[in-house]
1. Have a look at 53, 47 and point out the one that is small (Gly, Ala, Ser) and either under 30 Å from residue 112 (Cβ atoms) or touching a helix residue (DSSP H, G or I) at 6+ places or on another chain (Cβ under 9 Å) (or both).
2. Across the stretch 59-76, which residue is nearest to the ligand (Cβ to nearest atom) among those that are touching an Asp or Glu at 6+ places or on another chain (Cβ under 9 Å) and farther than 17 Å from residue 27 by Cα?
3. What do you reckon, is residue 98 more than 16 Å from the ligand (Cβ to nearest atom), outside the structural domain of residue 19 (by TED's automatic domain parsing) and without any contact (Cβ under 8 Å) to a residue 40 or more places away in the chain?
4. Which numbered condition in (1) assigned by TED's automatic domain parsing to the domain that holds residue 13; (2) away from the ligand (no atom under 16 Å from the Cβ); (3) among the hydrophobic types (A, V, I, L, M, F, W, C) is the only one that residue 56 fails?
5. Only residues that are in contact (Cβ under 8 Å) with a residue 24 or more places away in the chain and surrounded by fewer than 17 Cβ atoms within 10 Å (Cβ to Cβ): list them for the stretch 26-52, please.
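The values are calculated or read from the model by the stated rules, or taken from the named source; none is laboratory data. All figures in this text were calculated on a predicted structure; none of them were measured in a lab. Backbone-built Cβ (ideal geometry, glycine too); neighbour counts: all protein chains shown.
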Amino acid sequence: MKHLTKNRKEILEIISASKKPLNVKQIKTLVDFDTSTIYRALDFLESLEYIHSVIFDNEKYYFKDKNGNFIICNSCRKIEVFPVQSISREENILKQEFGFLPLSHIFLFKGLCRKCNT
Ligand SMILES: [Zn+2]
């Protein structure tokens with residue numbers, strides 16, 4: 001890992017420790033520096049692929065793992081991560097039928113969470 005400034009390191013640690021993807025607003029509540037510093041740090045970390053992102057509702061969310069598996073509630077906007085065991089069948093189809101070499105994936109399921117669908 002390349003040398004990171006203190007701010008970048010702190011943001012990387014926050015995202016690494018988080019169980020859920022985080023947006024800038026959420027990160028802002030956890031650090032002492034300003035929003036533009038956060039944006040710059042996130043861009044930098046993402047350019048080196050230390051973190052990854054996904055956009056929900058025009059809001060960018062950052063997460064650590066290369067692959068993202070998310071469920072988001074259409075009603076309360078709650079985001080959760082769900083476990084994916086294996087997608088080797090899908091990867092084989094991509095390779096064999098599309099000649100495509102998958103490097104990472106993001107699964108995003110939209111729906112209604114337990115609270116909102118009862
Ligand atoms: Zn909900």
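1. It is 53.
2. Top of the filtered list is 73.
3. Yes: the conditions hold for residue 98.
4. All conditions pass for residue 56, except number (2).
5. Passing the criteria: 31, 33, 37, 48.
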